[in-house]
Amino acid sequence: MQKMIVCLSASLVTTSGALATPPTFTLLPGPRAGVGADVRGISGDGRVVIGASQDGVDAMRWVNGLPEVLWSAPGSNYRAAASGCSTDGSVIGGTRGTTGSLLSEIWHDGQATDVAAIPSFSAIRAVSGDGSVFVGDSGLGGTAFRYSASSGYQTLPNSGSAHGITANGQTIVGTDLDNSLATHAALWTGSQQTLLPAPPGFTYRNIGLDISPDGSAVAGFAQNVQFGAQTACVWRNGLSNNIGALPVSGTPAALALGLSSAGGVVVGQSGRFQQSPPAIADGHAFFWTSQLGMVDLRGYCTSVLGLDMTGWNLVTATGVSDDGTVIVGNASPPDNPFMIRGFVITVPTPSTVIQVAICSCFWACRRRTPRS
């Protein structure tokens, strides 16, 4: 029996290639000493990480772990952030300005430009794969928009915000805002809007936060009642899939914030719902696949992948590469939760994740089995 376990484990690891490309955990620096980093997302090819300095002054990107300031908005009432990018990370969108008058910003070829065609108090939140189409929201009341150099600024019907776009720029995901101010996850293809259904028992509100590059899956969340439980959701073919929340003491709350090319890997945040102000407290980054279900990302990385994360809690996972092998997000030390550092984790390919987990189970069983 012992020989069979050893052979099977070796076969799984060799076949998956997990040892050929070891998993890694990297912390990302801020732009200046003593300033942390707030990671918002990652390019589809997994090479460029985007976000902001923790103090909100600088929009940033990281390439090979090295920080670069793209544009800044210095001053106590100013904000700057990079929130979306093209598949190769060469075109980046975001926002810059005062808290009362934000402007949409586009960075390309080393140059950041205010987009005059987009009204003030706006933010670009996502970019198509080739970097030609930008989506976000504008106006104090919130109106989702689509912008391209060829078509200009266009508002989306019955919309409150836009959070994601497919690689080909044809389908947008965001939030519908009806006359009662209720929010619903919605898709727009051209001027055609499609509302996404809430999962059973979570009909108070639901919001779409990201869409897979091929448009086959949408990530977001749904809530059962005001100030009630909140579950992470994935929609496929117009049908809702409640993927749950991590166990917590109190009212659970989870957000699905990013997914891979066909939605095979989903990442986000799960914790305890806090009423005032409404937020997720005691947040933990999560990792989801159909084989594993939802797991705590830090626990998975330390116990299954063997990564050393001593001194850091993974608070949220904000994005994942198209192939599902690079996950980004934010971490903080247990003794200083207000200090934020971005992180990059490389993991085995989704098709081998379950194999690596099985290997760990076999080895655990082997360690627990007494010698006869």
Response to the item:
Result of the Cβ filter at 6 Å on the stretch 14-35, keeping first residues that are under 19 Å from Val344 (Cβ atoms) and partners that are at pLDDT 90 or above and among the acidic types (Asp, Glu), at least 6 apart or interchain, is Pro31/Asp58; Val35/Asp55
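Please find, among Gly299, Gly268, Gly283, the residue that is modelled with pLDDT of 95 or more and part of a strand (DSSP E or B). Even if it seems obvious, please write down each step before you answer.
On the way: Gly299 fails: part of a strand (DSSP E or B); Gly283 fails: modelled with pLDDT of 95 or more.
Only one candidate qualifies: Gly268.
Residue-wise test of (1) more than 30 Å from Ala116 (Cβ to Cβ); (2) among the polar types (S, T, N, Q); (3) within 18 Å of the chain's Cα centre (by Cα).
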{"site": "Thr143", "(1), (2), (3)": "no, yes, no"}
{"site": "Ala149", "(1), (2), (3)": "no, no, no"}
{"site": "Ser159", "(1), (2), (3)": "no, yes, no"}
{"site": "Thr183", "(1), (2), (3)": "no, yes, no"}
{"site": "Phe221", "(1), (2), (3)": "yes, no, yes"}
{"site": "Asn224", "(1), (2), (3)": "yes, yes, no"}
Practice prompt. Please enumerate the residues belonging to the stretch 267-281 that are loosely packed, with under 14 Cβ neighbours inside 10 Å and among the hydroxyl-bearing types (Ser, Thr, Tyr).
Written response: Ser276
Worksheet item: Looking at (1) within 23 Å of Ala331 (Cα to Cα); (2) surrounded by fewer than 21 Cβ atoms within 10 Å (Cβ to Cβ), which is the one condition that is false for Gly44?
Response: (2)
Discussion item. Pairs needed: first member in the stretch 328-342, under 25 Å from Arg47 (Cα atoms); second member anywhere, among the aromatic types (Phe, Trp, Tyr) and surrounded by fewer than 18 Cβ atoms within 10 Å (Cβ to Cβ); C-beta distance under 9 Å; at least 6 residues apart or different chains.
Written reply: Ala331/Trp312; Ser332/Trp312; Ser332/Phe338; Arg341/Trp312
Discussion item. Quick check on my filter: what residues within the stretch 73-91 are surrounded by fewer than 19 Cβ atoms within 10 Å (Cβ to Cβ) and modelled with pLDDT under 95?
Written reply: Pro74, Gly75, Ser76, Asn77, Tyr78
Worksheet item: Among the residues of the stretch 224-248, which ones are part of a strand (DSSP E or B), on the phi < 0 side of the Ramachandran plot and not basic (Lys, Arg)?
Response: Gln230, Thr231, Ala232, Cys233, Val234, Trp235, Leu239, Ser240, Asn241, Asn242, Ile243
Worksheet item: Of the numbered conditions (1) of a type in the set (Val, Ile, Thr); (2) at pLDDT 95 or above; (3) in a loop (DSSP other than H, G, I, E, B), Thr203 satisfies every one except a single condition; which is it?
Response: (2)
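Working only within the stretch 91-105, note down all residues that are more than 20 Å from the chain's Cα centre (by Cα) and assigned to a strand (DSSP E or B). Lay out the reasoning, then the answer.
At the first step, the residues of the stretch 91-105 found to be more than 20 Å from the chain's Cα centre (by Cα) are 96-105.
Passing the criteria: Arg96, Gly97, Thr98, Ser101, Leu102, Leu103, Ser104, Glu105.
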Discussion item. Given the criteria closer than 24 Å to Val320 by Cα, small (Gly, Ala, Ser), assigned to a strand (DSSP E or B) and out of contact with any Pro (no Cβ under 6 Å at 6 or more places or on another chain), does Gly160 qualify?
Written reply: no
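Within the stretch 122-156, count every residue that is in a loop (DSSP other than H, G, I, E, B) and either modelled with pLDDT of 90 or more or in contact with an Asp or Glu (Cβ under 9 Å, 6 or more places away or on another chain) (or both). So that I can check it myself, show each step before the final result.
In the first step, residues of the stretch 122-156 are kept if they are in a loop (DSSP other than H, G, I, E, B); the result is 128-132, 139-142, 149-151, 156.
In the following step, the residues that additionally are either modelled with pLDDT of 90 or more or in contact with an Asp or Glu (Cβ under 9 Å, 6 or more places away or on another chain) (or both) were identified as 128-132, 149-151, 156.
Total satisfying the criteria: 9.
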Practice prompt. Please enumerate the residues belonging to the stretch 134-174 that are crowded, with 18+ Cβ neighbours inside 10 Å, without any contact (Cβ under 8 Å) to a residue 24 or more places away in the chain and farther than 15 Å from Leu195 by Cα.
Written response: Thr143
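Pick from the stretch 187-233 the residues that are β-branched (Val, Ile, Thr) and either surrounded by fewer than 22 Cβ atoms within 10 Å (Cβ to Cβ) or touching a helix residue (DSSP H, G or I) at 6+ places or on another chain (Cβ under 9 Å) (or both): which of them is farthest from Phe145 (Cα to Cα)? Lay out the reasoning, then the answer.
Taking the stretch 187-233 and keeping what is β-branched (Val, Ile, Thr), we get 189, 194, 203, 207, 211, 218, 225, 231.
Adding the requirement that they be either surrounded by fewer than 22 Cβ atoms within 10 Å (Cβ to Cβ) or touching a helix residue (DSSP H, G or I) at 6+ places or on another chain (Cβ under 9 Å) (or both) leaves 189, 194, 203, 225.
On the way: Thr189: 12, Thr194: 16, Thr203: 26, Val225: 29 Å.
So the residue we want is Val225.
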Discussion item. Being surrounded by fewer than 21 Cβ atoms within 10 Å (Cβ to Cβ), in a loop (DSSP other than H, G, I, E, B) and more than 19 Å from the chain's Cα centre (by Cα): is that true of Ala117 here?
Written reply: yes
Fill in: Considering residues of the stretch 46-71 that are touching a Ser or Thr at 6+ places or on another chain (Cβ under 7 Å) and in a loop (DSSP other than H, G, I, E, B) only, the residue nearest to Gly36 (Cα to Cα)
Val57
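Is it the case, given these coordinates, that His184 is under 30 Å from Gly250 (Cβ atoms) and at pLDDT 95 or above? Walk me through how you get there before you give the answer.
Values: under 30 Å from Gly250 (Cβ atoms): yes; at pLDDT 95 or above: no.
It is false that His184 is under 30 Å from Gly250 (Cβ atoms) and at pLDDT 95 or above.
The values are calculated or read from the model by the stated rules, or taken from the named source; none is laboratory data. A quick note: this is a predicted structure, and the numbers were derived from the prediction, not measured. Cβ: placed from backbone, ideal geometry, glycine included. Neighbour counts: every protein chain shown.
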